[in-house]
Amino acid sequence: MARVREISQVAITGTGMAVPPRIVTNDELSKIMDTSDEWIRQRTGIEERRYVAPGVSASDLALEASQKALATAGLNATDIDFVLVATLSPEQYFPGTCSFLQAKLGLSTTSGLDIRAQCSGFVYGLEMGQALIASGQYKRILLVGVEVQSPALDLTDRGRDTAALFGDGAGAVILEAAKNPKHGIQRVITHIEGKHADKLGVQYPSAIGGVWIKPEHIADGGVSPKMDGRFVFKHAVTRMPEVINEVLLDQGLSVPDIDLWLFHQANLRINEHIAQGMGIPVEKTYNNIQKYGNTSAATLPMLLDECRRDGRLKDGDRIMMTAFGAGFTWGSALVTWGK
Ligand code: ACO
């Protein structure tokens, strides 16, 4: 029988997050590489980040965040009919992290997939989740952003520009048809500019040239993230306001109509620059980069969960979530809070 498209709005009905207990301060990093608390704070706003203990994997963190999101939505894992996992630090090269999480959730044959859109992965997940539910294909989607980045960092002087930035964490949301037609995801817009893919990424393992991985790639740091920081910074502060304005224009809204602004947490200076340039009041923004560093695809659902638990989210509030990351990928999602 053909599916009937009858869902107009898709709401976020649960949120959860998980971070490993181990706190790594800037001072701790400055003992193992040529950096300082002062440099990291001034340039990025980061004070500390979390690293997993050996043996803890992306699907472990994702499981904890998912269980909390399910609990706040009043659901069991078996109520979910599709699982989306956004990550740039997958558990293995393949299979996807979704398979490991799906098994740990105790699911038998429930479908799902990984989203590879780096720091923008959660915004892409909202876009896909909304479409899959609105089409009538699925009813309840678990969307997780998760990163275990610490094992891949080059914790030496050579890698200090990226090692100082990244941390581990997971955030999860539940997506379902909204009960109130005014609530839910209003609009998501995403973009890619693939010509800048070489400005931020991990080169090896790579099938290019039939190489895969050699001992020298480990020795020369080719297995750790490489970034042209200034280039990425300039593009982030241009593209993020651009896509926010696209969403606002599409919805007939302007900056004062938004109640809460959640930006990707790559650098506090990026977010301050955007807020200042767009006339966004500081009290309508929330940042957690100070505590967690850049947790890539996990960042936005972690911010959302902290805001929900802090009582910052009221039914009817308009939340603008915006991300920018490797690829380059970027996007913005406007959500009206409430079920
Ligand atoms: N400690 C001390 N010094 C450092 C460190 C460090 N951890 N890292 C770099 N430096 C040095 C550099 O070597 C350089 O030294 P030099 O002047 O002698 O050459 C100096 O500090 C300045 O380096 P810059 O790279 O110019 O510093 P900048 O002010 O641009 O800050 C940063 C660097 C924080 C990386 C910034 O460029 C940035 O945030 N870029 C954007 C990051 C981003 O948005 N990423 C996208 C999302 S992540 C994702 O998608 C995976």
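Values quoted throughout were computed directly from the atomic coordinates according to the rules given, and no laboratory measurement underlies them. Keep in mind that what you see is a predicted model, and the values were worked out from it rather than measured. Here the Cβ is made from the backbone with ideal geometry for all residues, glycine too, and neighbour counts use every protein chain on show.
Say the cut-off is 18 Å between C-alpha atoms; which of Lys284/Lys314; Lys68/Lys291; Lys104/Lys339; Lys68/Lys104 go over it? Please list the in-between numbers first.
Values: Lys284/Lys314 13 Å; Lys68/Lys291 20 Å; Lys104/Lys339 27 Å; Lys68/Lys104 14 Å.
In this structure, Lys68/Lys291; Lys104/Lys339 exceed 18 Å between Cα atoms.
Label the range 1-157 by shape, choosing from rounded, prolate and oblate, from the square roots a ≥ b ≥ c of the eigenvalues of the Cα gyration tensor; if a/c is under 1.5 it is rounded, and otherwise prolate applies when a/b is larger than b/c, oblate when it is not. Walk me through the intermediate numbers first.
Numbers: a/c = 2.48, a/b = 2.14, b/c = 1.16.
It comes out prolate by the Cα gyration axes.
Pull out a ≥ b ≥ c, the square roots of the eigenvalues of the alpha-carbon gyration tensor of the range 244-286, then state rounded if a/c is under 1.5, prolate if not and a/b is larger than b/c, and oblate in the remaining case.
Numbers: a/c = 2.03, a/b = 1.68, b/c = 1.21.
Cα axes put the range 244-286 in the prolate bin.
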In whole Hz, what ³J(HN,Hα) sequence does the range 166-174 give by Karplus (6.51, -1.76, 1.60; θ = phi - 60°), x for Gly and Pro? 8, x, 9, x, 8, x, 9, 9, 10
If neighbour count is taken as other Cβ atoms inside 10 Å, put Ser206, Ser254, Ser224, Ser332 in order from fewest to most. Ser254, Ser206, Ser224, Ser332
Determine ³J(HN,Hα), in whole Hz, for all residues of the range 69-86 in sequence, where each value follows from phi through the Karplus function 6.51 cos²θ - 1.76 cosθ + 1.60 and θ = phi - 60°; x replaces Gly and Pro. 5, 4, 4, 6, 8, x, 10, 9, 4, 6, 6, 7, 10, 7, 10, 10, 10, 9
Any idea what the dipole of the chain comes to, in debye rounded to 20, about its Cα centre with Lys/Arg Cβ at +1 and Asp/Glu Cβ at -1? 580 debye
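Rounded to the nearest 500 deg cm²/dmol, what is the calculated helix-only ellipticity per residue at 222 nm for the chain, with -39500 (n - 2.57) per DSSP H run of length n ≥ 4?
For the chain, the value works out to -9500 deg cm²/dmol.
Report the far tail of the P(r) of the range 147-204, meaning the percent of Cα-Cα pairs longer than 18 Å.
Every Cα pair in the range 147-204 considered, those over 18 Å come to 62 percent.
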Calculated FRET value between Met278 and Phe94, using beta carbons and R₀ = 25 Å, to 0.05: 0.05
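From the square roots a ≥ b ≥ c of the eigenvalues of the alpha-carbon gyration tensor of the range 97-228, which class results: rounded (a/c under 1.5), prolate (a/b over b/c), or oblate? Let's see the in-between values first.
Working: a/c = 2.30, a/b = 1.97, b/c = 1.17.
The shape class here is prolate.
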Convert each backbone phi in the range 132-137 into a coupling constant with the Karplus relation 6.51 cos²θ - 1.76 cosθ + 1.60 (shift: θ = phi - 60°), then list the ³J(HN,Hα) values in order as whole Hz, x for Gly and Pro. 5, 7, 4, 6, x, 5
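Over its Cα atoms, what ratio of radius of gyration to 2.2 N^0.38 Å does the chain give? Please report the intermediate quantities before stating the final value.
Details: Rg = 19.2 Å, N = 339, 2.2 N^0.38 = 20.1 Å.
After normalising by residue count via 2.2 N^0.38 Å, the value is 0.95.
What is the order of Lys139, Lys214, Lys195, Lys68, fewest Cβ neighbours within 10 Å to most?
Values: Lys139 15, Lys214 12, Lys195 8, Lys68 20.
In increasing order of surrounding Cβ atoms, one gets Lys195, Lys214, Lys139, Lys68.
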Among Phe94, Tyr204, Leu165, flag the residue with its Cα farthest along the positive direction of the charge dipole of the chain, charges on Cβ as +1 for Lys/Arg and -1 for Asp/Glu. Phe94
Based on other C-beta atoms within 10 Å, arrange Glu91, Glu283, Glu48 from fewest to most. Glu283, Glu48, Glu91
